[in-house]
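Chemist: Please read through the structure below; I'll follow up with questions.
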Amino acid sequence: RLATSNPQEFAKIVGLIITKCFGFILVGVGFLVFVKLNNGIVVGDRSAHEAVIHLPQILYFLIFCGGLMFPYVLQHIKNFPSFAARNFLFIAISGILLAAIVHYNTMGHPYLLADNRHFTFYIWRKFFLRHWSLKFVLVPAYIIAAFCITNTLQKSQLMFRILFPVCLILSLAPQALLEFRYFIIPFILCRLQVKPASLSKLLAEFTFLVAINAATLYLFLHRPF
């Protein structure tokens, strides 16, 4: 209606949107050009990076994100028992559904055990492949992590809380290979939504991340493959 009744005002609004979103539009156009020139989104071995439906990737991300943001999500764990008691049926159905996803949709990409320079190689070989039942042990952890992260992001913008899960599924679920680098950008987006409530939590997070990087450098320099 605005376009027909007041074309100048409509053109002004469109121009303002383009101006404000020019950076995003440029990235989007660049991505489309890349896909056209590359004949697809994959760089490298196309046969090893075919799109699949791999829902456990979302569950792995919950553990990854919850672990790195532990100073902020830890405070919500104490509220989980009362939440579970009030919503027992929901928790039970969620547990059954996640167990079914883990059972029928867990994938072991050929690259996962082909390169021992990755942490995921050892996680998969020493934990998931140790016994068939171990993959189900993490189902309660997935539920608790989802609960804590959801509560941690409760104060973020409504649009983020609606769109982030959708974008997370679209970006991670098609990936067959379990790799932590796929989780970094979604994690950063989550972390940017959290404002440190105290200096102690910020220091705990900093210390934890520095310790992870120090351990990684130590393994790389002193335990060469």
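Chemist: If I take all pairs of Cα atoms in the chain, what percentage of them are more than 21 Å from each other?
Modeler: Roughly 68 percent, once rounded to a whole number.
Chemist: Once you wrap a convex hull around the alpha carbon atoms of segment 116-225, what is its projected area averaged over all directions, in nm²?
Modeler: Approximately 8.8 nm², given one-decimal rounding.
Chemist: Separate question: For A99 paired with A215, estimate the spin-label separation in nm (one decimal), with each label point 7 Å from Cα along the Cα-to-Cβ line.
Modeler: Distance between label points: 3.0 nm.
Chemist: In the neighborhood of M107, defined by Cβ-to-Cβ distances under 14 Å, what is the net charge if each Lys or Arg adds +1 and each Asp or Glu adds -1?
Modeler: Taking every other residue near M107 into account, the sum is -1.
Chemist: Using the per-residue mean of other Cβ atoms lying within 10 Å as a proxy for protection, in what order, highest first, do the peptides 29-42, 92-105 fall?
Modeler: Ranked by mean Cβ neighbours within 10 Å, highest first: 92-105, 29-42.
Chemist: Once the Cβ-Cβ distance between H131 and I13 is put in as r, and R0 is 45 Å, what FRET efficiency do you end up with, to the nearest 0.05?
Modeler: According to the calculation, E is roughly 0.15.
Chemist: Dividing the alpha-carbon Rg of segment 1-70 by 2.2 N^0.38 Å yields what?
Modeler: My calculation over the Cα atoms of segment 1-70 gives 1.86.
Chemist: Just to check, using Stokes-Einstein with a Kirkwood Rh over alpha carbon pairs, what's the diffusion coefficient of segment 71-130 at 25 °C and 0.890 mPa s in µm²/s?
Modeler: Rounded, D is 169 µm²/s.
Chemist: Calculate for the chain the 222 nm mean residue ellipticity that helices alone would give, adding -39,500 (n - 2.57) per DSSP H run of length 4 or more and normalising by residue count, nearest 500 deg cm²/dmol.
Modeler: -20500 deg cm²/dmol
Chemist: Using a 1.4 angstrom probe and counting only protein chains, how large is the accessible area of V166 in Å², to 10?
Modeler: 80
The values are calculated or read from the model by the stated rules, or taken from the named source; none is laboratory data. It should be emphasised that the depicted structure is a prediction, and the values quoted were computed from it without experimental measurement. Note that each Cβ is placed from the backbone with ideal geometry, even for glycine, and that neighbours are counted across all protein chains shown. For accessibility, only protein heavy atoms count, side chains too; no ligands or nucleic acids. Shrake-Rupley method; radii C 1.70, N 1.55, O 1.52, S 1.80 Å.
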